[in-house]
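In what follows, a structure is listed as structure tokens, so that the remarks can point back to it.
The values are calculated or read from the model by the stated rules, or taken from the named source; none is laboratory data. What you see is a predicted model, and the numbers here were worked out from it, not measured in a lab. Please note: Cβ atoms are built from the backbone with ideal geometry, for glycine as well, and neighbour counts cover all protein chains shown. SASA here: full protein model, heavy atoms, side chains in, ligands and nucleic acids out. Shrake-Rupley method; radii C 1.70, N 1.55, O 1.52, S 1.80 Å.
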Amino acid sequence: MQTAERNSPETTAETADVPLQLSNIKALVEKINVEGLGRTKDDLVIKTIKELFEAKDFQQVVLKSQEVRTKLEKLGCFKNVGVFIDTSKGQDATSSGLEITFTVKELKRVLGGINTLVGNNEGSLVIGSNLPNTFGRGEKLQVEYTYGTKQSKGFNGMFVKPLHNKANSILTSSFYQQNSEWPSSGYHLCEQGISLDASFDSVPLLRHSVQWEGVWRELSCQSRTTTFPVREQAGHSLKSALRHVIHYDNRDSAVFSNRGTLFRMVQELAGLGGDVGFVKHELTYQLNVPITNDVVLQGSFQGGFMKRLNDEKMIYICDRFFLGGPHTVRGFEQRGIGPQSDNQALGAQTYWAAGLHLFTPLPFKPGHGGLGDILRTHFFVNAGNIDNFNFGDNIKESARILTDRYRLSYGMGLMLRLGTVARIELNYCVPLKCQRGDRTHHGVQVAVGVQFL
């Protein structure tokens with residue numbers, strides 16, 4: 001993108017002693033041109049750029065031009081947007097009149113590619129294609145096929161419709177099929193479903209998402225050694241659920257945060273049809289506090305609670321919470337904390353986990369584009385608990401139940417940033433407190449993923 005500015009005669013009156021104040025230069029936007037439009041609808045572009053006519057001085061013109069350019073880039077219609085400011089020309093031009101020209105390059109009608117995806121200690125190959133700006137108002141039709149290194153595979157199709165209002169509302173509909181393996185619990189899961197999503201901002205940075213999901217699931221035993229409590233849940237199930245997600249994130253980075261807060265709360269009601277029924281709540285919180293320019297202290301918490309809707313509805317093992325592993329409470333095997341049967345995790349209906357982390361740039365100093373920008377030293381203490389707790393009306397007793405028989409671990413290691421959303425952790429972990437049946441991991445533990453405790 002390139003920006004060109006040409007001052008009118010009034011803007012050249014500058015002396016060596018008096019600095020030029022752009023806010024003191026009267027300016028009026030008389031004409032706006034948009035070059036390069038093809039299938040993008042005119043009314044969407046006009047709605048986006050018309051605020052430029054409200055500018056009263058040259059400083060406002062410059063600032064609003066950049067704001068409008070940013071809005072045009074976010075429409076989902078253009079690959080590049082450039083802005084040029086010039087004096088107004090023609091018989092009706094005034095001495096303070098300006099003419100602004102935006103040059104845009106629309107996205108291709110069909111895009112596609114092959115990418116890699118990292119998450120939950122698994123790498124995946126993603127082959128996808130999409131039709132950007134499908135109907136001229138920033139819509140997107142997308143299809144993807146995913147194949148993972150741990151035999152997981154699936155495909156999904158999605159249609160996204162932005163409404164371009166002040167709340168940044170977006171409507172999404174999708175269909176999908178996902179096959180996944182869970183060796184730590186001894187089952188294979190095949191899911192085929194559809195979902196509808198409406199997301200919007202209530203205040204800046206606070207995002208709401210209201211979702212409905214209908215999914216047909218087939219749970220099967222992974223091997224002959226699958227434990228009986230898992231075997232008795234094998235078969236087909238139908239889930240219909242409403243979900244409300246609240247998301248707030250003002251961190252300066254999703255991977256190596258120096259400051260900021262992350263808050264996420266998910267509330268789910270399943271049982272609007274089908275044989276699955278429960279009420280489920282889950283909370284995630286993270287706070288990052290810089291101690292010095294290079295040292296950051298992070299506190300994190302996760303917790304969840306679910307309850308069966310009635311005696312006619314079921315909660316299956318794939319609906320429950322699990323705890324343990326390099327992404328949650330380090331120093332334990334994947335799903336290694338909580339109810340087990342024949343060394344296979346059964347999950348539970350209540351859990352909590354907390355972590356205290358100290359991040360330092362050693363042994364490399366950041367800020368020069370080298371290893372210091374993508375490598376961090378990591379010291380941590382993790383704690384958590386998970387079980388099918390029976391809570392009463394006594395708050396103190398309920399708190400005692402939650403904290404009784406908790407697990408505790410500590411350790412240190414290195415973190416390597418992968419792009420802007422994922423990282424690799426190489427930690428030496430020491431389980432300090434565990435319970436009978438837990439599967440601990442004392443020593444080196446490696447994790448690749450996006451979300452960590």
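The Lys50 and Lys307 beta-carbon pair, evaluated with R₀ = 56 Å, returns a calculated FRET efficiency of approximately 0.65.
From the P(r) of the stretch 112-256, can you give the percent of Cα pairs sitting at distances over 28 Å?
On the way: 3534 of 10440 pairs.
Tail fraction, whole percent: 34.
Could you grab the relative contact order for the chain? Cα pairs under 8 Å, six or more apart, rounded to a whole percent. Result for the chain is 9 percent.
So what is the relative contact order of the stretch 283-330, in percent, for Cα pairs below 8 Å that sit 6 or more residues apart? Let's see the in-between values first.
Numbers: 33 pairs, mean separation 12.4, N = 48.
Relative CO of the stretch 283-330 lands at 26 percent.
In the full protein context, the stretch 344-453 carries 53 Å² of accessible surface per residue, based on a 1.4 Å probe and ignoring ligands, DNA and RNA. Within the accessible area of the chain, the carbon and sulfur atoms contribute 57%, probe 1.4 Å, all protein chains present. Shape summary of the stretch 90-165, radius of gyration then Dmax from alpha carbon positions: 20.9, 70 Å.
Subtract the Cα-Cα distance of Ser341 and Lys153 from 0.36 nm times their separation in residues, and report this length gain in nm to one decimal. If you can, show how the numbers build up before the last one.
Values: separation 188, 0.36 × 188 = 67.68 nm, distance 2.73 nm.
Here the answer is 65.0 nm.
Counting only aspartates and glutamates at least 8 places from Lys41 when in the same chain, those with an alpha carbon closer than 19 Å to its own are Glu51, Glu73, Glu106, Glu139. Placing dummy labels 7 Å off each Cα toward the beta-carbon, the span from Tyr428 to Arg259 is 3.4 nm. Students often forget the sequence filter, so: which lysines lie under 23 Å Cα-Cα from Lys280 once same-chain residues fewer than 8 apart are removed? Leaving aside lysines fewer than 8 places away in the same chain, those within reach of Lys280 are Lys239, Lys307, Lys313, Lys396.
Figure note: Ser223, Ser184 ranked by solvent-accessible area, largest first, 1.4 Å probe, ligands and nucleic acids not counted: Ser223, Ser184.
The simple spin-label model puts a point 7 Å past each Cα toward its Cβ; for Thr103 and Val279 those points are separated by 6.0 nm. First check a/c for the chain, with a ≥ b ≥ c the square roots of the eigenvalues of its C-alpha gyration tensor; if it is under 1.5, answer rounded, and if not, answer prolate when a/b is larger than b/c or oblate otherwise. Prolate is the answer for the chain, as a/c is 1.5 or above and a/b outweighs b/c. Pairs of Cα atoms under 8 Å, at least six residues apart: use those to get the relative contact order of the stretch 30-116, whole percent. Averaging sequence separation for qualifying contacts and normalising by length gives 39 percent for the stretch 30-116.
Pair-distance distribution of the stretch 227-336: all C-alpha pairs, bin width 5 Å, starting at 0; shares per bin in whole percent are 2, 10, 15, 16, 16, 15, 10, 7, 5, 3, 1, 0.
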